[in-house]
Each structure stands twice: as C-alpha cells, then as structure tokens.
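So the structure is just underneath, and the comments pick up after that.
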Amino acid sequence: MLPVSPQADSKRGNLTRLAIELPLLLASGFKSKSELAKHFGCDKKTIKRLVDELSFHYRITEEKRGREVFYGFADGYTFRPPALKPAEVAALWLAQKAVLMDGSSPRWPLSQDGRSLLEKLRATLPPALAAHLGELAAVYGTALIPAKDYTPHVETLNQVLTAAIRKQRIEIEYVSLGSQRPKTRHYDPYGLYFDPNGGTLKTFGYDSRRRGIVTLAVDHMRRVTLLEERFTLPPDFTSVQSYLERYHFNGFFGTPVRVRLRFFGVTSQVFRERQHHVTQRIVNYTPATRGRPETVDIEMTVARGRGLERFILSWLPEVEVLAPAALRQRIEACCTGRARVLPPSAYRPQPPVAVNERA
C-alpha cells in the first residue's frame, strides 16, 4: 500500500509533480490505478491521462487484474533516475531559490511543487553544504515577483502545456482587456513564458481571430478544449527561449527590427555596463569633453512595437534614435503629443512566419 502524499488533500494532483514522482514509484514495481490516485490525491482519469503521456518517454505497460488496472515498467526496462553530484544538487537548489519557483509566493501555480522539490534536494546534501546553502539563500533574491494569484488557473495551465507539447490546436473562450465578454477562438500554443512586465504567465501562438501570432494571458482563459487538429511550428522556431529573444521585447511581440540608439551622460555608462538584450552591442563611444557629455551608440535587433517604443521613452531625455528613420519619427511624435496609439496588429509577426496545418 502506498503512503498517502502530504498534498493529497488538494482536489486535483498537479501534473508536474505527478510526472516527477510517478516513474519513481513504478520503479519499485507495479502499482494499481487506485493506489496512485489515492497517493496523489486526484481522480483515476488524471492518472490515466498522465500515464498515457509518460508512455511516450518510458516503457510503461498496463495490466488488468480483475476489475483493477495496474501500471509498471515493461520487462527488461530499468528506470534509472539521474545521479547528481552534491555540487549539482546545490546549484539546482540555489537556482530554484533565486527565481522564486520554490513557493515563496503562494500565488505561483507551481509553489507546492517547488517547495517539495527543494525539500528533497536539501535532504540529499551533506549537513555542512545544506547549512551553507541556507546562508546563500538568505542573501540571494530576485525582483521578478509574481503579482497575480495563479493558483485557480493550474488546470488551465496544464491543458495549455499539454497542447503545446503535443502541438495540438485548442479552442478557448478568452476575455480580453478591451472586452468583458468571452470570445471563442482557435489557438495554436507554441509555448508559455513568464513576462516580468506585470508579472504574468502568458502563452504565445497563432490566433485564428487575429490571423497572426499573439500573446494571451493564462488567467484570461475561461475555457480550454483540446481539439483533434494538429499544427506545425514556424520554420524559424527552435525553442521557446530563442523565439522570445527574436520576436519579444519589453512585454510585446513584433517582427524584428535593427535599431541604433545614442545615450548621453550617466545613461551612456549604464549601457556600457549593462546588457538589455542578447543582440546589444556598442558601435561607437565618445568620451566627455568640455561642454559635451560622453555618448555611447548601441545597436540591437529586437521586436518592434509598443514594447520598444516604451523602452526608448523611459530613457528620455538622455536617448536619441539614430535608426531606423520611422522609429525616430514615431518617438518624436510621442514627445510632441502627436502620436496616436497603434494596434498590436501593426507590429505582430504575420504569416509566413506561422505555418498552420490540419493533421
């Protein structure tokens, strides 16, 4: 009989925690669906769904014994969890602390999983190293604090994650900021990410209503249904992170544009020392002279749009747009109050960046 998980009082087990622990349980022998459901505090349908997903990665077999279904690893298959060195465990533990995935904020959807992960990691360390990590954790931190409460949206998050992994189209009811009425749309979720602009969890992908790549906030989704249709990723998509670096900047998506900016005085020192984007590079530097402040010219290729414009405006009056000319005119219009607000569709990536097909 399996011991009941300390988190079994939750109505639905979190899929992330199940995916980590279930292979470890099956490594000791076959377990019934009822045992696993009781251990994780979820229903049998959740166990079945998770086993089906894990079967793509592990050789899990299903046996029916009377009215009960049992799961275990196939004959000849041995599950071997990774053998981590103490230093590697320590690095993982500290990284979790630093990015606040450890449950420091109960509003984070993976807070319980983060806490249990850190407890397990810490228990494997020598006492002296564990004590040293406690000292490090007291002086490490992050300014990326989740402001919203995402605990009611864990199931939505799991469904979007499943769809992104399977490349499966979803139908959603979504409430936008400009409307209080939910609208139905088909959506191809490419991935999820944490946006520090407002501390929000977002997904990005192809939207049937707007006919382009858009971002959607997880907490604005009212219903998510997985469809039997599949989608293909854009040709230049290799990973979520690389795609964000190219098409996302300062909270907004847009097609890439190469910009050249000149900064003056103390702000020029900021941009000589700090990297605001992976493509940022210094192309010219002029030391200060009598009557003229020092300047630094930087160049970077980032997503165009309101995120870029707000970034530049936040550094006024110690910034000048050198190129492109259209961006310079846009910033000048903002400064004189002549600029009008452009819709996101004016900036967002359009096909053929996104390629969408039915299975």
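The values are calculated or read from the model by the stated rules, or taken from the named source; none is laboratory data. Treat the numbers as computed from the prediction; the structure is a model and nothing was measured. Note that we place each Cβ from the backbone using ideal geometry, even for glycine, and neighbour counts take in every protein chain shown. For the accessible areas, the whole protein counts, side chains as well, though only heavy atoms, and no ligand, DNA or RNA atoms are used. Shrake-Rupley method; radii C 1.70, N 1.55, O 1.52, S 1.80 Å.
Amide H contacts of Glu229 (H built 1.01 Å from N, in plane; Pro and chain starts excluded): Arg169 sit under 5 Å, all sequence-distant by 5 or more or on other chains. First check a/c for segment 160-259, with a ≥ b ≥ c the square roots of the eigenvalues of its C-alpha gyration tensor; if it is under 1.5, answer rounded, and if not, answer prolate when a/b is larger than b/c or oblate otherwise. It is oblate, given that a/c is not under 1.5 and a/b is not larger than b/c. For the set Asp297, Asp75, solvent exposure ranked by accessible area (probe 1.4 Å, protein chains only) runs largest to smallest as Asp75, Asp297. Taking Cα centre as origin and charging only the Cβ of basic (Lys, Arg, +1) and acidic (Asp, Glu, -1) residues, the dipole magnitude of segment 183-332 rounds to 360 debye.
Legend: residues Leu313, Leu261, Leu24, sorted from most to least accessible area (1.4 Å probe; ligands, DNA and RNA excluded), read Leu24, Leu313, Leu261. Per-residue extension of 0.36 nm, minus the Cα-Cα distance of Leu54 and His276, leaves a gain of 76.1 nm for this segment.
Counting Lys and Arg as +1 and Asp and Glu as -1 over every other residue whose Cβ lies under 13 Å from the Cβ of Arg166, the net charge comes to -1. When all protein chains stay in place and ligands, DNA and RNA are ignored, the 1.4 Å accessible-area order of His57, His248, His132, largest first, is His57, His132, His248.
Sequence-ordered 3J(HN,Hα) estimates for segment 308-320 from the Karplus curve with 6.51, -1.76 and 1.60 and θ = phi - 60° stand at 5, 5, 5, 4, 5, 4, 5, 9, 5, x, 9, 9, 9 Hz, glycine and proline given as x.
Taking all protein chains as shown and a probe of 1.4 angstrom, Ser242 keeps an accessible surface of around 40 Å². Extension gain for Arg310-His132 works out to 59.9 nm (0.36 nm per residue, less the C-alpha to C-alpha distance). Across segment 177-183, computed HN-Hα scalar couplings (Karplus, 6.51 cos²θ - 1.76 cosθ + 1.60, θ = phi - 60°) run 5, x, 8, 9, 9, x, 10 Hz from first to last residue, x flagging Gly and Pro. Over segment 15-69, with every protein chain in place, what whole percent of the accessible area is carbon and sulfur at 1.4 Å, could you tell me? Carbon with sulfur: 54 percent of the solvent-accessible area. Pairs with C-alpha atoms separated by more than 31 Å, drawn from the list Lys148/Lys183; Lys33/Lys183; Lys33/Lys167; Lys31/Lys202, are Lys33/Lys183; Lys31/Lys202. Please identify which residues in segment 305-336 have an amide N closer than 19 Å to a label point set 7 Å out from the Cα of Arg292, following the Cα→Cβ vector. Under cut-off, by backbone N: 318-323. Exposure check, 1.4 Å probe, all protein chains in place: Tyr243 carries approximately 0 Å² of accessible surface. Once the 1.4 Å probe is applied to the protein heavy atoms, segment 239-283 comes out at 53 Å² accessible per residue. Coupling constants for segment 266-283 follow from the phi torsions by the Karplus curve (6.51 cos²θ - 1.76 cosθ + 1.60, θ = phi - 60°), and in residue order they are 4, 4, 5, 5, 4, 7, 7, 9, 10, 9, 9, 7, 5, 8, 5, 8, 7, 10 Hz; glycine and proline get x. Of the accessible area of segment 252-339, computed with a 1.4 Å probe over protein heavy atoms only, carbon and sulfur atoms account for 49 percent.
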